[in-house]
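To start, the structure under review is shown below, and the notes come after it.
What follows draws every value from the coordinates through simple rules; no lab data is involved. Predicted model only: the values in this text are computed from it and were never measured. When we count neighbours, we look across all protein chains shown, and the Cβ atoms used for this are built from the backbone with ideal geometry, even at glycine.
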Amino acid sequence: MRPRLVLLVAGAVFAASVYTSAQRQGGIPVPDLTPAQRQAFDEGSRVFAKRYTVADGLGPVFNDDSCADCHRNGGGSNRTVQRFGRTDRGQFDALEYLGGSLIQSRGIGSVTTTDGTHVFLAERVPPEASVTALRRSTPLVGLGFIDAVPDDTWLAIADQERRADPSTAGSPQRAFNAATGAFVVGKFGWKAQVPTLRQFAGDAMLNEMGITSPGFRDEICPQGDCLALAFNPTPALNDDGRDQAAMTDFMTMLDVPARGPITTDVLSGERVFQDIGCETYHRATIQTGSSAIRALDRVDVHPYSDFLLHSMGALGDGITQGLADGFAMRTSPLWGLRAATRFLHDGSAATLEQAIRRHDGQARASRERFDALNADQLAWLLAFLRSL
């Protein structure tokens, strides 16, 4: 069993895992797995790193051929995908008939059948689009804990924020659960548009690799041209559900990287973080619900996020998904932040300072308080953030 280090800071309990140097590289499972669970994690890790081929069903348009290319060891990366759409009189159109809103940046090339030859090419932003946005690959670490949090908890957090200060309160996303047919709270993705890790896996398999599965049977129409699918070399269901389940297991049991050293400066920085209002959105502690995985079962975790939608003003990406309009973004969790080299949804910020100064909308007041920090306070805050 991995040892736990518990820190008492400003009246709150913080748990930090203690890892060996090899484990700090990421891609490690949560502790206390049963032998069967550990086997499932290892199989999921293998499938996560699998490189799909056209024979497996890759494409006919896609962004990459392996999950691991964008999410190294289950973490994030600076790889981006592009989205587009059109805004007309305040209404967003994803331009699905032109392949929107997600661009598939690669095609499998020339395919010849008895009906002739078709060349599957990379999609392009059509001239009809008036909005484009880049989105960086998000870290997947710790998301099993978030998947184990019941909807009532997210609704209660939103209610607490409304009662504390309506001007900064977040809103839960309303996402369609393909497995149950119900609308539930969304938690995953830059707009919290995906409700469960299982759906997150199936959605990514289809939209990023073109791999169909039981919950995602319909191939992507390249640039909106569904007639081109007559030339799809692998039209049958690509995955019978086993790969999707394996990827779900891997993400569910993927642990959070260890925090850096907790120094006096780090503790002072956390108090600055709280004082300028960042913890309003980047909530330090959330409790999970019941889980068959011991490490996820009714425990306090520290993602530094409320996973709710907040209006970010100029920092929004212009894309509407569900209840998230072009200004709204889900609060990004900060655990694992010290491994990041680029920041914000599009990777446009090279430093933490740049990222904070880009905050707008409901976060503007916190940004203004950040701008007013003296040199010591700024150094402490950055030390805290770099410890996460």
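Taking the alpha-carbon centroid of each part, what is the distance from region 76-91 to region 312-388 in angstrom? A separation of 19 Å, based on Cα centres. Each of 50, 191 was scored by other Cβ atoms within 10 Å of its Cβ. Listed from fewest to most, they are 50, 191.
Rank these for me by crowding, 332, 291, going from fewest to most other beta carbons within 10 Å.
So the residues, fewest neighbours to most, are 291, 332.
Among the cysteines of the chain, those whose beta-carbon sits 4.7 Å or more from every other cysteine beta-carbon are 67, 70, 278. Taking region 360-388 and a reference point 7 angstrom along Cα→Cβ of residue 338, the backbone N atoms nearer than 18 Å belong to 379-388. Taking the centroid of alpha carbons for each part, region 223-286 and region 103-178 are 11 Å apart. The mean sequence distance of close C-alpha pairs (under 8 Å, at least 6 residues apart), as a share of the length of the chain, puts its relative contact order at 20 percent. Calculated mean residue ellipticity at 222 nm for the chain: -7500 deg cm²/dmol, from DSSP H runs with n ≥ 4 weighted as -39500 (n - 2.57), summed, divided by the residue count and rounded to 500. Candidate values (1) -0.42, -0.95; (2) -0.36, -1.06; (3) -0.33, -0.96 were compared with log10 I(q)/I(0) by the Debye sum over Cα atoms at q = 0.07, 0.12 Å⁻¹ computed on the shown model; the agreeing label is (3). With q set to 0.11, 0.23 Å⁻¹, the log10 of I(q)/I(0) for region 114-223, from the Debye formula over equal scatterers at the Cα positions, is -0.52, -1.35.
Think of the chain as having a plus end and a minus end, set by charges on the Cβ of Lys, Arg, Asp and Glu; of 131, 177, 333, 333 sits farthest toward the positive end of this dipole. Stretching residue 314 away from residue 183 to a fully extended chain increases their span by 44.3 nm, per 0.36 nm per residue minus the current alpha-carbon distance. For region 260-388, a/c is not less than 1.5, where a ≥ b ≥ c are the root eigenvalues of the C-alpha gyration tensor, and a/b does not top b/c. That puts it in the oblate class.
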